[in-house]
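Following: one structure in structure tokens, then a few remarks.
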Amino acid sequence: MSLWRQLARGLRVLTNRTTADRDVTDEVQHYLEEATNAFVSRGLSAEEALRAARMQLGNTTVVCEQVRAYGWENGVGTFFADLRYAARRLRKSPAFTLVSVLTLALGIGASTAIFSAVNPILFQPLPYPEARRIMVIWDISQGLRADVTFHTYRELAVRSRSFDALAVMRPWQPTLTTEAEPERLEGQNVSASYFRVLGVQPALGRDFKETDDQFRGPRVVILSDGLWRRRFAADRTIVGREVKLEDNLYIVIGVMPSRFENTLVPSAEIWSPLQFDPQNITNLNAREWGHNLRMVGRLRPGIGVEQASQDLNLVARNPIAEFPRPAWASLPSGFVVNSLQNEITRGVKPALVAVLGAVVLVLLIACVNVTNLLLARGAQRRGECAMRAALGAGRSRLIRQVLTESLLLATLGGALGMGVAEVGVRTLVALSPPELPRLNAITLDSTVFAFAFAVTTLIGLAVGLIPALHVSRGDLAGGIQRSSRGTADGYHWTRRALVVSEIAFALVLLVGSGLLFRSLQSLFAIPPGFDASHVLTMQVQESRRRFDNDTARRQFFAQALDEVRRLPGVASAAFTSLLPLSGDQSGAYGAQFENGGSFQVFRYAVTPDYFETMGIALRRGRLLNASDGEFAPPVVLISESLANITFLGQDPIGQRVHVGPANRPWYMVVGVVGDVKQTSLAEVQPKAIYLAPVQSWFADTTMSLVLRAHGEVEPLVPAVKNAIWKVNKDQPIVRVALMNTLLATSESQRRFIMIVLGAFAFVALVLSAAGIYGVLSGSVAERTREIGVRSALGASRGNILALVIRQGMTLTGLGVLIGVAGAAAVTQVITTLLFGISRLDPVTYLAVSALLVVVSAIACWIPAWRAACVDPSNALRG
């Protein structure tokens, strides 16, 4: 009797059965449907086609050839038939489908969200025409990168042959005064060629001309689209009108396009010409000789970075009479040329690479879990697949069916994953550190959707390939009987190998997040040098045009401070030119000591109560007081680290130091105070000098108010603002923050990476535990008869528990060993983010390994207990 006749006779028996054997009937019915469709394609009606297909059950060759002919002649129809069948299979297993879809959605959604953040920063070209030609140029001063001077820019713009255009810029913070509350704007003073270097023109009005950038030239500005809409209601007649900035009238000559991204200074929303004096050559104290300008340039076509660098250095080494240089600038060290893309990503690239690696690991773990689920499902379907093979389905046909099912799962997971990605993008933007560039470009655009589609497709093929190969290579007779030991062993070894791999991946993520957590612990254990509790800070900017001399400017800050001190609840208050851990780094100056020491130091111009308000300790000598006036002998305080480095154990009190212009008198050191971290808690040996504002060589136009309260400080904010505006209502007040907040956000990049890696590590831990549980549960189900035999032969419940737990913990141990080796190699990526600990920190590795072992043991216990509770008699009867 032919095989087909045997199966046809067995079909009548199978239709009377229940449980999982119904799946075989469904498979035969599926092939019967395909045969029916084949006859329909020949022109028969549905009833005639069904009757003809049933009549052919005695002839396996005819039916199989009809099915194959249908597949060749109508591939699309076969695909949809496979798709319908896959949908029916998934619908019949809701638990399997739900777990698989959620797992894939988590992996696809997380990877899509991270890609949406990484793509515009690391991979996507900057939003300028031929952006790869835009370079950032740095001067080299004392071996360090430094801003350029105006006269350096002037000379390079004429003598350089590698650039189509060069431009310079510096920060500008004008105060927009209207009938409403004054607003300080973030802007830039730029050379006339700035927007030409970027390759962008205003959407309304015109660009700057060379005549706009002349000394004492016309007061003109260009607005950003956001400022134009926010303060001027998108009025198109704004071009040619006047706006009041710093008590002067400026003419608006243009508005930038809405899509314009100022990647160099993202917060800038208004631009005006520099208007430096090109004739100011002899005065070395003039702003034209200050290293206070950032330079950018657009390379000529065909010119490379190395060639441009050589060109600029050649100019530096060969001065000419047309561009005279002072003695200190006659032998410059040269220039550094770097692409704008590399420049804006230099600080955040290690962090983004670490996050990208983490999400890849999570995606791999998700794929491994779903692959394991499909393998377990394939083990249960060996009989079904053998039946289909007996009905004439070739190996490629079986593989295609399993891949169709995995692709359908991935598609469902990808659709749900886009919702996860939307939430992820919003969370990333909310948690991202301030220095993360191109925040506005992080969105779910067409590129991100294409990425998600590609990832979904690849995952669908990847998770289905191994199960498909396993399903398609089972032997026919053993598969029909569902007792092929060789096939089962193949499934078991593959699934165990996958579990070991996901444990290793999880350990790598856990180690990374653990190292960052320990690093942050080390950082925040470092004393910042001040007491941040109950301290309120805010920045007050005096408009340059409001007061015509330094005396009036200083008087404004003194009167404002007096008004603040009178407020109830204020314990003490002071002004400082430089606020610790606020991101300000513009107060660095050269200091020359009488004993010959020379250092770059932070200059703090502070009022007398500053040290009491901030809780900065006095180490030696005295603090500044009211007697240190404008006409008193000039005195300074120095930081402890500067005193130790400069005087090597000698008494610094009474020593002299020179800071500022050459014609200024020397200062006497009258005190030493504790070190204060200015840029970061990781800063080493911060060097600083403190002087009274009235004894400084210039009056600061921007000062930060620090205020210590007797109780809560937040309720004092409105009263403090009103007290300052009582002196002058046109002075903007910004950056209102608690000192504790500044302290916490000073390490925002490390905190951001720790949170993201920690979240991914938690997901990886849960998925790994689920993987171990799934493998052991499947093993227990398939070994029920063996366990029953062991129990019948006298094995105790403890023996059975130990048997199953030992199996799971062996997999965990192998995964931990591989993961430790992988973590030791991979954590090299986050070395720059670590502080105070090694990337091979043994405490972290041991703690993470112990955590993974404990979680794995819990995952092993449930299937082990289930195995121990197996009834031997029921198992043997089954």
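Note on Leu648 and Ala737: the extension gain reaches 28.2 nm, defined as 0.36 nm multiplied by sequence separation minus the Cα-Cα distance. When peptides 667-676, 364-373, 630-639, 819-828 are sorted by average Cβ neighbour count within 10 Å, with the highest value leading, the order is 364-373, 667-676, 630-639, 819-828. Taking 31 Å as the limit for the C-alpha separation, the pairs Lys349/Lys687; Lys349/Lys677; Lys244/Lys721; Lys209/Lys244; Lys244/Lys687; Lys349/Lys721 exceed it in the case of Lys244/Lys687; Lys349/Lys721. A convex hull fitted to the Cα coordinates of segment 549-699 yields 118 cubic angstrom per residue.
Please report, to two decimal places, log10 I(q)/I(0) for segment 152-304 at q = 0.12, 0.17 Å⁻¹ as given by the Debye formula with identical point scatterers on the Cα atoms and no solvent. So the normalised log intensities work out to -0.53, -1.02. Binning every alpha carbon pair distance of segment 294-364 at 5 Å from zero, what are the percents per bin? For segment 294-364, the binned pair fractions read 3, 12, 16, 15, 13, 12, 9, 7, 5, 4, 3, 2, 1 percent. What is the distance in Å between the Cα centres of segment 241-309 and segment 747-794? Measuring centre to centre over Cα atoms gives 58 Å. Within segment 614-683, the proportion of Cα pairs with more than 14 Å between them is 64 percent. Segment 758-863: percent of C-alpha pairs farther apart than 20 Å? That tail contains 50 percent of the Cα-Cα pairs. Among the trypsin sites (Lys or Arg not before Pro) within segment 615-655, those in coil by DSSP and having at most 14 neighbouring Cβ atoms inside 10 Å are Arg622. When the surface is traced with a 1.4 Å probe over the full set of protein chains, Trp666 keeps roughly 90 Å² accessible. Probing with 1.4 Å while keeping every protein chain in the model, the per residue accessible area of segment 647-728 equals 40 Å². For every other residue with a beta carbon closer than 10 angstrom to the beta carbon of Gly217, add +1 if it is Lys or Arg and -1 if Asp or Glu, then tell me the sum. It works out to a net charge of 0. If the segment from Ala662 to Thr211 were pulled out straight at 0.36 nm per residue, it would be longer than the present Cα-Cα gap by 158.9 nm.
If you take the beta carbon distance between Ala552 and Arg236 as r and set R0 to 56 Å, what does 1/(1 + (r/R0)^6) give as a FRET efficiency, to the nearest 0.05? Here the calculated transfer efficiency is 0.90.
The values are calculated or read from the model by the stated rules, or taken from the named source; none is laboratory data. Everything quoted here is computed from the prediction, not taken from an experiment. Reconstructed Cβ throughout: ideal geometry from the backbone, glycine too, with neighbour counts over all protein chains shown. These accessible areas exclude ligands, DNA and RNA; they are computed on the full protein's heavy atoms, side chains included. Shrake-Rupley method; radii C 1.70, N 1.55, O 1.52, S 1.80 Å.
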